[in-house]
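Participant: Here you go, one structure.
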Amino acid sequence: MKIVITTIGTRGDLQPYIALGLGLKKAGYEVQIVSARNEENFVRNYGLDFYALEVDIQKIMEDGEVREMSKGNNPLKFIKGHLKSSKGLKKLMVKTQVEIWKACADADLIIFHPGMPLGFYLAGNAPIYIGFGSMKENESFSKTLEIIIEALNLTKQRAVVGLG
């Protein structure tokens, strides 16, 4: 079973997904991280497969327009900021979503950073949403995730897993 994890942002956005990827790989799953090209060496140093997006998130985050748009965790504020953003930024965002779609095309399960889901929705049949809300990552969480992955495998279903 191939699990693709999509994330983008700062190192703090990436590191939890690397930890999750390592646990899934240890459990026997094929894992691929999808993130900005400038994070490739960091991810590969942990022994995980990597799909490089052309976007340089660090450079983009230096733009005041983007910093303002990405403050907090409010999707409506992000969408409003996106609608007001420049044509160049909009084109880059669309290009990045197309790259994410390509990265997710052969995935059996996709785990995504909340700011990156679009590519997954375009990659195949409609997924099942599985949300964990504020469930902590502990032994109970791990067992629950194992059961979900097994059920998805048996039923050949795709899923969106929301964490945190």
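Participant: Restricting attention to region 25-56, and to residues there that are in contact with a strand residue (DSSP E or B) (Cβ under 7 Å, 6 or more places away or on another chain), among the hydrophobic types (A, V, I, L, M, F, W, C) and touching a residue at least 40 places away in the same chain (Cβ under 8 Å), which single residue is farthest from A105 (Cα to Cα)? So that I can check it myself, show each step before the final result.
Facilitator: So in region 25-56, the residues in contact with a strand residue (DSSP E or B) (Cβ under 7 Å, 6 or more places away or on another chain) come out as 25, 29-37, 40, 43-44, 48-51, 53, 55-56.
Filter once more, keeping what is among the hydrophobic types (A, V, I, L, M, F, W, C): 31, 33-34, 36, 43, 48, 50, 53, 55.
Now drop any that are not touching a residue at least 40 places away in the same chain (Cβ under 8 Å), which leaves 34, 53, 55.
Numbers: V34: 12, L53: 14, V55: 19 Å.
Looking at residues that are in contact with a strand residue (DSSP E or B) (Cβ under 7 Å, 6 or more places away or on another chain), among the hydrophobic types (A, V, I, L, M, F, W, C) and touching a residue at least 40 places away in the same chain (Cβ under 8 Å), I get V55.
Participant: Scan region 94-111 residue by residue and report those that are assigned to a helix (DSSP H, G or I) and not β-branched (V, I, T). Spell out the reasoning first.
Facilitator: Quick first cut of region 94-111, residues assigned to a helix (DSSP H, G or I) only: 94-104.
Within region 94-111, K95, Q97, E99, W101, K102, A103, C104 qualify.
Participant: Moving on. Residue by residue through region 29-50, note down the ones that are within 30 Å of T155 (Cα to Cα) and modelled with pLDDT of 95 or more. So that I can check it myself, show each step before the final result.
Facilitator: At the first step, the residues of region 29-50 found to be within 30 Å of T155 (Cα to Cα) are 29-35, 47-50.
Across region 29-50, the qualifying residues are Y29, E30, V31, Q32, I33, G47, L48, D49, F50.
Participant: For region 70-79, state whether one or more residues are modelled with pLDDT of 70 or more and closer than 22 Å to N38 by Cβ. Before the answer, list the steps.
Facilitator: Here is the first cut: in region 70-79, the ones modelled with pLDDT of 70 or more are none.
The answer is no; no qualifying residue exists.
The values are calculated or read from the model by the stated rules, or taken from the named source; none is laboratory data. Nothing here was measured: the structure is a model prediction, and the numbers come from that model. Every residue, glycine as well, gets a Cβ built from its backbone with ideal geometry; the counts of neighbours run over all protein chains shown.
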